[in-house]
Each structure stands twice: as structure tokens, then as C-alpha cells.
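**Student:** Please read through the structure below; I'll follow up with questions.
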Amino acid sequence: MATPPTISQEGTMEEEKDNDNNDAPLIKPISSSSIKRLVAGQAITDLSSSVKELVDNAIDANATRISVKLYNQGLECIELADDGDGVPKSSREYMAMRHAT
């Protein structure tokens with residue numbers, strides 16, 4: 001049985017993807033020229049922008065449930081748990097790499 005398409009945040013139809021296949025990674029390094037254009041707009045400047053970025057990532061991973069916990073008003077720790085698709089194996093080596101998206 002085929003997986004039904006989903007609607008993206010932009011309102012376009014997308015087919016469900018298998019996140020553990022051996023295709024190209026979803027996370028990959030970006031070019032130097034792109035880094036220079038993006039750096040200013042991607043800065044995390046405060047607690048709300050940090051939480052927003054984490055929630056956006058969960059939504060991008062097709063999460064339907066998102067839980068956010070702040071410890072000491074977020075000064076000690078921000079914890080987010082979701083039921084999203086997770087990171088595919090092919091992307092894991094890039095997870096903590098600077099300038100990868």
C-alpha cells in the first residue's frame with residue numbers, strides 16, 4: 001500500500017520518504033558562499049529564538065507531538081522531545097558539523 005503524500009509548510013504536496021535508506025543524506029555541508037549569506041540570519045540570539053529553531057526542526061521532521069521543558073527558565077537546559085522521523089543514518093555524521101543543514 002502506497003504512503004499518502006503530505007502537505008509541506010509551503011503548501012506543496014510531498015511524498016513520504018524512508019529515512020533509513022542509503023540515498024544521499026538529508027543533512028549536508030553547505031557551500032562557503034552560502035555560509036557567508038546565511039550566517040547573519042541564522043544567529044540564535046535569545047531563548048525564544050532557540051526554542052523556535054528546535055520546534056521548527058521537529059515540525060520539519062513531521063512531528064505531531066512536541067514537548068518543551070525549560071530548566072531554570074532555560075538558562076541551564078532546553079529539552080525538546082518529539083515523535084518526528086529522526087535523523088536518517090546517512091545524515092548522522094553531519095549532525096554536529098558547523099555549517100551543515
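The values are calculated or read from the model by the stated rules, or taken from the named source; none is laboratory data. The shown structure was predicted, so the numbers you read here are calculated from the model rather than taken from an experiment. Quick note on the areas: whole protein, heavy atoms, side chains included, nothing else; ligands and nucleic acids left out. Shrake-Rupley method; radii C 1.70, N 1.55, O 1.52, S 1.80 Å.
**Student:** I'd like the accessible area for T45, computed on protein heavy atoms only with a 1.4 Å probe and all protein chains in place. Round to 10 Å², please.
**Tutor:** 110
**Student:** Using a 1.4 Å probe and counting only protein heavy atoms, arrange K89, K69 so the residue with the most accessible area comes first. Before the final figure, lay out the partial values.
**Tutor:** On the way: K89 135, K69 95 Å².
Ranked list, largest accessible area first: K89, K69.
**Student:** Something else: As a test of reading the structure, rank E76, E53 by solvent-accessible area (1.4 Å probe, protein chains only), most first.
**Tutor:** On the way: E76 140, E53 70 Å².
Output order, biggest surface exposure first: E76, E53.
**Student:** Separate question: Sorting S33, S50, S91 by accessible area (1.4 Å probe), largest first, what list results? The partial results should precede the final answer.
**Tutor:** On the way: S33 70, S50 30, S91 0 Å².
Highest to lowest solvent-accessible surface, that is S33, S50, S91.
**Student:** Would you tell me the accessible area of L26, worked out with a 1.4 angstrom probe on the heavy atoms of the protein chains, in Å² to the nearest 10?
**Tutor:** Per-residue accessible area (L26): approximately 100 Å².
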